[in-house]
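Data first, discussion second: the structure below is written as structure tokens.
Each value in this text was obtained by applying a stated rule to the coordinates, not by laboratory testing. Computed from a prediction, not measured in an experiment: that's the story for all the values here. Every residue, glycine as well, gets a Cβ built from its backbone with ideal geometry; the counts of neighbours run over all protein chains shown.
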Amino acid sequence: MGMKLKKLWPLFGVISMGLLAPAFADQCQHSGGPQQSMASTQQNDQGAYQREMYREVTPAAGPVVANGVNLFFRVDPLYWRAVPDGNAYAYYGFKTEENTTTVEQPAPLGRVATIDSKWGPGVKLGLGAHLGHDGWDMFLRYTYLHPKGKGKLPVGEGEFSAAFSANPGGRYVAPAGESWGSADWKFQFHVLDLDLGRNSYLSPFLTVRPHIGLKFTWQRDEMDICLRSTKFNLSSAGPAGAKVVTPVTGPYYSRLDYDILGVGLRCGCDFSWFFCKGFGIYGDFAWDVLWTSYYDQRRVDKLHEEPSSGDPVDIIVINTEDAKYYAAKNLCEFECGFVWETWLCDDDYHVEARLGCEGQVWINWIRDLSLIRGSYSNLSFYGPKATVRFDF
């Protein structure tokens with residue numbers, strides 16, 4: 001009898017599970033979990049927005065004042081240095097019959113003469129507004145710089161060479177003898193940035209602001225060079241094709257100037273990491289792609305002659321005026337430093353101060369002192385900056 005009951009136990013188990021299964025199913029149907037409840041809600045209200053379904057992953061970090069118009073302005077004093085890579089205007093240290101007495105004698109020691117750019121002030125002025133939608137803000141900023149640079153060749157360094165080349169008239173200038181020279185560089189820099197971004201929290205102490213926008217720029221480049229020598233040689237074709245060399249007193253003047261107009265897209269990201277309440281470090285970077293137009297490109301080289309009798313005369317050696325040149329150019333911007341912020345008057349006002357360094361590299365941007373079209377070099381800016389922001 002016991003053996004028969006043992007054989008029936010599995011049958012009793014199957015019957016019991018079959019009887020209890022509908023009860024468990026009914027209980028799960030009436031008290032389902034949040035996923036099942038959300039799924040049923042979506043099926044009943046197709047296309048309807050459910051606030052319970054929303055989850056804020058990156059809360060907006062503002063800053064937003066309590067009772068204000070949600071506007072802010074920024075002032076950034078700059079003290080930067082502008083460095084044009086293609087700023088060489090002359091060189092010396094090569095072997096000629098005038099600076100060596102024998103064939104075996106090596107060339108004298110020389111160097112490449114470049115323009116030494118100076119540190120100078122600048123400013124950024126900005127105005128922004130909080131849009132009231134998901135923490136987004138819009139920011140308009142204007143940047144102004146007027147960098148300058150100078151170069152000087154020392155006196156008595158021997159023969160030098162510069163960016164001289166044959167012109168369509170067939171004449172060219174060869175500087176020789178005991179020489180010296182100088183160069184002046186001036187640059188006008190105007191930039192307008194328009195950004196749309198959102199500042200949000202990645203953690204209680206780390207904020208990030210991705211942004212996209214537009215960049216506009218107008219710039220002007222001017223370079224003046226003066227080279228002096230004990231004798232300049234002006235060569236021309238004489239009878240039967242023979243070369244005729246005529247000594248000229250000099251000096252030799254060269255001027256290159258052109259304008260740049262650019263417009264394009266800008267994107268980047270700003271980071272702030274706070275050590276404690278109100279104090280931390282920040283790091284910003286951006287990348288820009290600009291459509292550019294180079295226009296009013298002129299280069300005029302003149303050789304001044306003071307004859308023993310008669311009036312002085314300027315002989316035009318090089319005279320070029322290039323057509324407009326269009327290209328897509330890239331640049332990168334980066335900065336880092338310390339940040340401090342606080343709220344005033346029951347959070348009605350917000351003040352932020354920054355102190356850091358910024359750098360910009362405009363890739364293949366400025367035209368070299370060369371008659372070859374398409375010869376361009378980088379233009380770099382770097383230096384300290386301070387920032388004051390006021391929200392109201």
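Given 0.36 nm per residue, what is the gain on full extension from LYS243 to LEU125 after removing their alpha carbon distance, in nm?
Contour length minus the Cα-Cα distance gives 36.5 nm.
What does the net charge come to around GLY264 if you take all other residues with beta carbon closer than 14 Å to its beta carbon, with K and R at +1 and D and E at -1? Spell out each step's value before the answer.
On the way: positive: LYS215, ARG266, LYS329; negative: ASP193, ASP195, ASP288, GLU333.
After counting each charged neighbour, the total is -1.
Highest first, please rank the peptides 235-243, 264-272 by the mean number of other Cβ atoms sitting within 10 Å of their residues.
Working: 235-243: 8.9, 264-272: 16.9.
Sorting 235-243, 264-272 by mean packing, highest first, produces 264-272, 235-243.
Taking the Cβ of GLY359 as the center, what net charge do the other residues with Cβ under 13 Å away carry, scoring Lys and Arg +1 and Asp and Glu -1?
Result for the neighbourhood of GLY359: -2.
Return the FRET efficiency for the residue pair TYR349, TYR79: r is the Cβ-Cβ distance, R0 is 25 Å, and the value is rounded to the nearest 0.05.
Approximately 0.35, to the nearest 0.05.
Per residue of region 114-131, in order, report the coupling 6.51 cos²θ - 1.76 cosθ + 1.60 (Karplus, θ = phi - 60°) as ³J(HN,Hα) in whole Hz, putting x for Gly and Pro.
Ordered by residue, 3J(HN,Hα) equals 10, 7, 8, 6, 9, 6, x, x, x, 7, 10, 10, x, 9, x, 8, 7, 7 Hz.
Rank these for me by crowding, TRP362, TRP343, going from fewest to most other beta carbons within 10 Å.
TRP343, TRP362
Can you give the FRET efficiency for ASN70 and LYS150, using 1/(1 + (r/R0)^6), R0 = 56 Å, r = Cβ-Cβ distance, to the nearest 0.05? Don't jump to the answer; show the numbers that get you there.
Values: r = 47 Å, r/R0 = 0.84.
So the FRET efficiency works out to roughly 0.75.
Sum up the charges of everything whose Cβ sits under 13 Å from the Cβ of SER380, counting Lys and Arg as +1 and Asp and Glu as -1, but leave SER380 out.
Around SER380, the surrounding residues sum to -2.
³J(HN,Hα) across region 277-293 via Karplus (A = 6.51, B = -1.76, C = 1.60, θ = phi - 60°), whole Hz, x for Gly/Pro?
5, x, 9, x, 10, 9, x, 10, 8, 8, 10, 10, 10, 10, 8, 10, 10
Take LEU261 and LEU194, extend 7 Å from each Cα along the Cα→Cβ direction, and tell me the distance between the two endpoints in nm.
Those two pseudo-labels are separated by 1.7 nm.
Given a cut-off of 30 Å, name the pairs among LYS324/LYS385; LYS215/LYS385; LYS150/LYS243; LYS277/LYS329 whose C-alpha atoms lie farther apart than that in the structure shown.
Those over the limit are LYS324/LYS385; LYS150/LYS243; LYS277/LYS329.
Could you rank the peptides 142-152, 104-114 by their average count of other C-beta atoms within 10 Å per residue, with the highest value first? Show your work: numbers first, answer last.
Numbers: 142-152: 16.5, 104-114: 12.8.
So the order, starting with the most tightly packed, is 142-152, 104-114.
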